[in-house]
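The values are calculated or read from the model by the stated rules, or taken from the named source; none is laboratory data. Predicted model, so just to flag it, every value in this text is computed and none were measured. Cβ: placed from backbone, ideal geometry, glycine included. Neighbour counts: every protein chain shown. Heads up: the accessible areas ignore ligands, DNA and RNA and are worked out on the full protein's heavy atoms, side chains in. Shrake-Rupley method; radii C 1.70, N 1.55, O 1.52, S 1.80 Å.
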Amino acid sequence: MNNPVTVEVTRGNRVESRHRGTVVVVDGDGKIVFSAGDIDALTFPRSACKAMQALPLIESGAADAFGLSDQQLALACSSHSGEDEHVATAAAMLAKAGRDETVLECGAHWSSHQQTLIHQARTLEKPNALHNNCSGKHCGFICTCVHMGYDPKGYVEYDHPLQQDIRDTMQSLTGAVLDHDTCGTDGCSIPTYAVPLKALAHGFAKMGTGQGLAPLRAKASKRLMDACMAEPFYVAGTKRACTAIMQAAPGKIFAKTGAEGVFCAVLPEQGLSIAVKAEDGATRAAEAMVTALLSRYFEKDSTEHAALMAMTNKPMHNWNGRHVGDVRVTDVLFG
């Protein structure tokens, strides 16, 4: 099945580039509300599924035992920019569990926020694991391990009891088979599992509505999503898409990006979940697709719709500030 062109990039009056994609909107019962492309194709959700991976942090009682705040819970679901506030919040999470950054197995990299990166380059010999965009998730993992009595060493490995808990959780949410055959290794070293895009969306729809979930999981899901919507900066960072999308409609949208052109979003009030995949892995295409789909569910004269459409179809400027082209979605997403 050929996926349709969902996003075009223009230069002058010509289309310079095209992105093909797959999109699906699902309700809490798993009913497909809208789709385009091959939604049955196996897709690695990458970091888009971090809220699912954070559920054991709540369900185990670790979040309550360590008194984690909404900012810290949001960070546990994040792909943050490594800004100072993110790093400090991650360190505070570990401190509550009696650990420090040396226990993290996610690796280290510099901040993706330019001003922070310049400051780090001037003041740090090198970054540590707290600066990793996945450090919040890993700090949540450590808190869960400590509370559950798991040895944190090797917590990123497929057979570690924490990863078994996460695998069981995600399998229950998505209904997909998660095993060695569908497993790859994510950028932060934990297992990542390829699932059908429609199954990923249905899992998030369950989290957003509580439909088909046991009371404990429904409550934990709502708590995580509420924390992310309350503290969107800690889910991503300055001028990041996840943060901007949630700020565009406070309390009405949960949004989370993943590497290689994946993006998921939930509209709790409408009981809907959205999942998109840019076939070529382009982030700019995934961002345009998810905001276009989100805009469908807000009144056209609303401030939320205007803000989302401004992120959907947006101009490109060169270094002199001249308008040189546009990123725009195709009619496929408004069919």
Pairs where the first residue, in the stretch 106-132, is open to solvent by 90 Å² or more (accessible area, probe 1.4 Å) and the second is not hydrophobic (A, V, I, L, M, F, W, C), C-beta under 8 Å, 6+ apart: Trp110/Gly82; Trp110/Gln120; Trp110/Pro127; Trp110/His131
Yes/no for Val33 being outside any helix (DSSP H, G or I) and open to solvent by less than 10 Å² (accessible area, probe 1.4 Å): no
Selection from the stretch 244-268 of residues that are closer than 16 Å to Ala48 by Cα and among the polar types (S, T, N, Q): Thr257
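Counting residues that are closer than 22 Å to His80 by Cα and polar (S, T, N, Q), which helices (runs of 4 or more DSSP H) fully inside the stretch 217-335 reach at least 2?
Values: elements: 241-248, 283-295, 303-312.
Those helices (runs of 4 or more DSSP H) span 241-248, 283-295.
Has the stretch 60-82 got at least one residue that is under 16 Å from the mean Cα position of the chain (by Cα), closer than 25 Å to His147 by Cβ, open to solvent by 40 Å² or more (accessible area, probe 1.4 Å) and of a type outside the set (Lys, Arg)?
Initially, the stretch 60-82 is screened for residues under 16 Å from the mean Cα position of the chain (by Cα), giving 71-82.
Of the ones still in play, those that are also closer than 25 Å to His147 by Cβ are 71-80.
Filter once more, keeping what is open to solvent by 40 Å² or more (accessible area, probe 1.4 Å): 71.
Pick out the ones that are also of a type outside the set (Lys, Arg) and you get 71.
Taking every residue of the stretch 60-82 in turn, at least one turns out to be under 16 Å from the mean Cα position of the chain (by Cα), closer than 25 Å to His147 by Cβ, open to solvent by 40 Å² or more (accessible area, probe 1.4 Å) and of a type outside the set (Lys, Arg).
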Restricting the search to the stretch 240-250, which residues are open to solvent by 40 Å² or more (accessible area, probe 1.4 Å) and either among the aliphatic types (A, V, I, L, M) or free of Cβ contacts under 8 Å to residues at least 24 places away in the same chain (or both)? Gln247, Pro250
Pull out all pairs, ordered by first then second residue, where Cβ-Cβ is under 9 Å, the residues are six or more apart or on different chains, the first lies in the stretch 16-31 and is more than 18 Å from Phe263 (Cβ to Cβ), and the second is open to solvent by 100 Å² or more (accessible area, probe 1.4 Å) and of a type outside the set (Gly, Ala, Ser). Ser17/Arg11
